[in-house]
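Engineer: This is the structure I want to talk about, given as structure tokens.
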Amino acid sequence: MFNAITHSQIFVLDQDEALDFYVGKLGLEVADDVDLGFMRWLTVRVPGHPDREILLERPGPPSMSQETAEQVRELVTKGATGGWFILTTDDCRKTYETLLARGVEFTEEPTERPYGIDCGLRDPFGNRLRFTQPKS
């Protein structure tokens with residue numbers, strides 16, 4: 001039946017600020033940035049990996065009413081929307097130091113786990129992110 005997941009979605013409160021964070025600080029690349037009139041379709045991806053994109057969606061019409069969008073924005077700010085993802089890296093500690101120097105705020109420093117080394121951070125909107133250096 002299915003053979004891939006091509007897109008995932010997280011809510012962001014400001015798409016330009018999201019671009020600055022996801023592209024400028026984390027080093028992802030823009031896959032699509034299209035004004036559809038009723039919304040801005042903005043996706044990013046890991047450079048060199050065109051098979052998986054993350055939609056950085058601003059809560060609002062057409063997918064929800066303004067009232068619901070306001071409630072979603074409040075939940076995003078609290079980190080309570082469930083939106084999150086995990087990236088992988090070859091060197092968790094080096095990536096951590098690089099991102100720390102770029103002003104990324106971490107919720108957890110690199111930590112040894114049974115599956116490798118990982119750490120946690122939040123984007124400027126409250127979404128939880130992790131990156132992991134898998135055990136080899």
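Engineer: How much of the accessible area of the range 1-129, probe 1.4 Å, is carbon plus sulfur, in whole percent? Don't skip to the answer; put the middle values down first.
Structural biologist: On the way: 3930 of 7690 Å².
Here carbon and sulfur together make up 51 percent of the probe-accessible area.
Engineer: Tally Lys and Arg at +1 and Asp and Glu at -1 over the other residues with C-beta under 11 Å from the C-beta of THR98: what net charge comes out?
Structural biologist: Numbers: positive: LYS25, ARG93, LYS94, ARG102; negative: ASP91, GLU97.
Net charge around THR98: +2.
Engineer: Mean residue ellipticity at 222 nm from the helices of the chain, using -39,500 (n - 2.57) per DSSP H segment of n ≥ 4 over the full residue count, to the nearest 500 deg cm²/dmol? Let's see the in-between values first.
Structural biologist: Numbers: 3 runs with 27 residues, N = 136.
Mean residue ellipticity, 222 nm, calculated: -5500 deg cm²/dmol.
Engineer: How would you order 82-88, 95-101 from highest to lowest mean count of nearby Cβ atoms within 10 Å? Can you show the working numbers first?
Structural biologist: Numbers: 82-88: 14.1, 95-101: 15.9.
For the peptides 82-88, 95-101, the packing ranking is 95-101, 82-88.
Engineer: Provide the percentage of antiparallel DSSP beta bridges, counting only those with both residues in the range 85-136; round to the nearest 5. Present the calculation step by step, with values, prior to reporting the outcome.
Structural biologist: On the way: 12 of 16 bridges.
So the antiparallel bridges in the range 85-136 amount to around 75 percent.
Engineer: Quick one: which residues, 5 or more positions from LEU87 or on another chain, have an amide H under 5 Å from its amide H? H modelled 1.01 Å from N in the peptide plane, none for Pro or chain starts.
Structural biologist: ARG130, PHE131, THR132
Engineer: Just to be sure I understand, if you calculate log10 I(q)/I(0) by the Debye sum over Cα atoms at q = 0.09, 0.18 Å⁻¹ for this structure, which of (1) -0.25, -1.12; (2) -0.29, -1.08; (3) -0.50, -1.04 do you get?
Structural biologist: (2)
Engineer: Within a Cβ distance under 13 Å of PHE85, other residues only, what is the Lys/Arg minus Asp/Glu net charge?
Structural biologist: Residues near PHE85 contribute +2 overall.
Engineer: Could you order peptides 67-77, 107-117, 49-59 by the average number of other Cβ atoms within 10 Å of their residues, highest first? Can you show the working numbers first?
Structural biologist: Numbers: 67-77: 14.8, 107-117: 12.8, 49-59: 17.1.
Ranking the peptides 67-77, 107-117, 49-59 by packing returns 49-59, 67-77, 107-117.
Engineer: Suppose every K and R has +1 on its Cβ and every D and E has -1 on its Cβ; what is the size of the dipole of the chain about the Cα centre, in Debye to the nearest 20? Write out the running numbers ahead of the final one.
Structural biologist: Details: 15 positive and 23 negative charges, 84 e Å.
Result for the chain is approximately 400 debye, rounded to the nearest 20.
Engineer: Let me ask another. Placing +1 on the Cβ of each Lys and Arg and -1 on the Cβ of each Asp and Glu in the chain, which of TYR22, PHE106, HIS7 has its Cα farthest towards the positive end of the resulting dipole?
Structural biologist: Comparing the listed Cα positions along the dipole, PHE106 ranks first.
Engineer: Starting from the 7 Å offset along Cα-to-Cβ, what nm value, one decimal, do you get for the label separation of ILE86 and MET1?
Structural biologist: Here the modelled spin labels are 2.4 nm apart.
Engineer: Next question, about the same structure. Computed FRET efficiency, Cβ-Cβ of GLU29 and GLN9, R0 25 Å: what is it to the nearest 0.05?
Structural biologist: Details: r = 18 Å, r/R0 = 0.70.
My answer for the efficiency is 0.90.
Engineer: With every protein chain left in place, what is the accessible area per residue of the chain in square angstrom, probe 1.4 Å? Don't skip to the answer; put the middle values down first.
Structural biologist: Details: 8180 Å² over 136 residues.
The answer is 60 Å² per residue.
Engineer: Looking at the chain, what % of its DSSP beta bridges pair antiparallel, to the nearest 5?
Structural biologist: On the way: 20 of 30 bridges.
About 65 percent, rounded to the nearest 5.
The values are calculated or read from the model by the stated rules, or taken from the named source; none is laboratory data. Just so it is clear, the structure is predicted and the values come from calculations on it, not from any experiment. Backbone-built Cβ (ideal geometry, glycine too); neighbour counts: all protein chains shown. Surface accessibility is based on the protein's heavy atoms, side chains included, excluding ligands, DNA and RNA. Shrake-Rupley method; radii C 1.70, N 1.55, O 1.52, S 1.80 Å.
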